[in-house]
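I have placed the structure first, in the form of structure tokens, so that the comments after it can refer back to it.
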Amino acid sequence: MPPGDLRLCNNCFKQGHIAADCTNDKACKNCRKTGHLARDCRNEPVCNVCNISGHVARECPKGNAIDEGRQWLWS
Ligand SMILES: [Zn+2]
Ligand SMILES: [Zn+2]
Ligand SMILES: [Zn+2]
């Protein structure tokens, strides 16, 4: 798998693999926590860019700073 693979798993919402390869628990689409589904979610949405709750990726103050998030993925 090449560096820079930013596929987002639809099951656990971690990057670098797809749901077919996922071995994690299914997570909420909204807040990325396990144990409930998005339609039951009462938490703040989590940003795809910085993984901080309270805003979504298109509103992210980090903008295109995805490279920072990559480091932990491939270390
Ligand atoms: Zn996964
Ligand atoms: Zn949730
Ligand atoms: Zn963000």
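Here is a yes/no grid of residues against (1) part of a helix (DSSP H, G or I); (2) among the basic types (Lys, Arg); (3) at pLDDT 90 or above:
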residue: 5; (1), (2), (3): no, no, no
residue: 17; (1), (2), (3): no, no, yes
residue: 20; (1), (2), (3): yes, no, yes
residue: 23; (1), (2), (3): no, no, yes
Exercise for review: Select from the range 20-49 the residues that are more than 8 Å from ligand 2 (Cβ to nearest atom) and open to solvent by 50 Å² or more (accessible area, probe 1.4 Å) and list them in ascending order.
Suggested key: 20, 21, 23, 24, 25, 26, 34, 35, 39, 44, 48
Revision key, fill the gap. Cβ pairs under 9 Å, 6+ apart or interchain, first in the range 27-56 and more than 19 Å from residue 16 (Cα to Cα) and small (Gly, Ala, Ser), second near ligand 2 (Cβ under 9 Å from one of its atoms) and not in a loop (DSSP other than H, G, I, E, B), ordered by first then second residue, are 35/27; 53/46; 54/46
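The values are calculated or read from the model by the stated rules, or taken from the named source; none is laboratory data. All of these numbers come straight from a predicted model, not from anything done at the bench. Glycine gets a Cβ as well: all are built from the backbone with ideal geometry, and neighbour counts include every protein chain shown. With ligands, DNA and RNA removed, areas are computed over all heavy atoms of the protein, side chains included. Shrake-Rupley method; radii C 1.70, N 1.55, O 1.52, S 1.80 Å.
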